[in-house]
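*Asks:* Below are the C-alpha cells for one structure; questions will follow.
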Amino acid sequence: MDSRNGQNGGYPPEGWQQPQGGYYYQPCRSEQKNAFATAAMILGIISLCSLITIYLALPIGALSILFVILSRRRGSRMATQALIGLSTSLTSMIISGFILITSAIFFIQAINPENRDSINLLFESSYGYDFNEYMQNYLDKIEQTYGKDASDSIGRLFGIE
C-alpha cells in the first residue's frame, strides 16, 4: 500500500528507517502571542490618530508605553508589535507636547501687555479684526452662557474691561 494521503493506516512506507543518533524532526515554534505588545501597538496607533485632539495623545501614548514595558520579557527580544507601539506613541507624545508648549508660550505672550501691539497686528492680518475685538466677542459669548462673573474674571486676565 502507498503511505500518501493517509493510506497505509498512517504508518510510514515500507523500508523507511528512523534516523540514526536519536534526532527527531521537531516543528518550529511560532512566536508566542503577547497581549501587552498587541495592546501597545493598538494604543500607539490610536495615540497617533488622536493628535487632532492634542490632549488625548498624551495619556493614550503614556498608556501605550506602559504596555510596552509590561510586554518585555526577560532574556527575549522586544516584540515587533511593542516596537511599533513604542515608536508611534513616542512620536505622538512629542508632537502633542510641542503643540501644547507652543500654545502655552503664545498664551503667556498674549497676556503680557507689552506684546499686545504685535498680537493685534497678527490677528488683524489673519482675521480682519484685532485681538481686543476677538476677546470682547469671546467674553460676550461667555457672559451669555455662564454669566457676568466668568466674563469679568477672564477679561481681567487678558487686560480687557
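*Asks:* In terms of modelled amide H atoms, which long-range or inter-chain residues lie less than 5 Å from the amide H of A79?
*Replies:* The list, which skips near neighbours in sequence, is empty: none.
*Asks:* Peptides 143-149, 105-111, 94-100, 55-61: what's the order by average Cβ count within 10 Å, highest mean first?
*Replies:* 55-61, 94-100, 105-111, 143-149
*Asks:* When Lys and Arg each count +1 and Asp and Glu each count -1, what net charge do the other residues less than 11 Å away from F131, Cβ to Cβ, add up to?
*Replies:* Local net charge: -3.
*Asks:* Would you calculate the separation in nanometres between label points at E14 and I108, each defined as 7 Å from the Cα along the Cα-to-beta-carbon direction?
*Replies:* Label-label distance for E14 and I108, simple model: 9.1 nm.
*Asks:* Return the ratio Rg/(2.2 N^0.38 Å) for segment 34-111, where Rg is computed over Cα atoms only.
*Replies:* Ratio of Cα Rg to 2.2 N^0.38 Å: 1.26.
*Asks:* Tell me, what ³J(HN,Hα) does each residue in segment 45-62 have, in order and in whole Hz, if you take phi through Karplus 6.51 cos²θ - 1.76 cosθ + 1.60 with θ = phi - 60° and put x for Gly and Pro?
*Replies:* 5, 4, 4, 5, 6, 8, 4, 4, 8, 6, 6, 6, 5, 5, x, 5, x, 5
*Asks:* Now a separate question. Using mean Cβ contacts within 10 Å as the protection proxy, how do 38-49, 126-137 order, highest first?
*Replies:* Descending packing order for the listed peptides: 38-49, 126-137.
Read-outs throughout are calculated quantities, based only on the coordinates presented, and are distinct from any laboratory measurement. Nothing here was measured: the structure is a model prediction, and the numbers come from that model. A quick note on method: Cβ atoms are made from the backbone with ideal geometry, for glycine too, and the neighbour counts reach across all protein chains shown.
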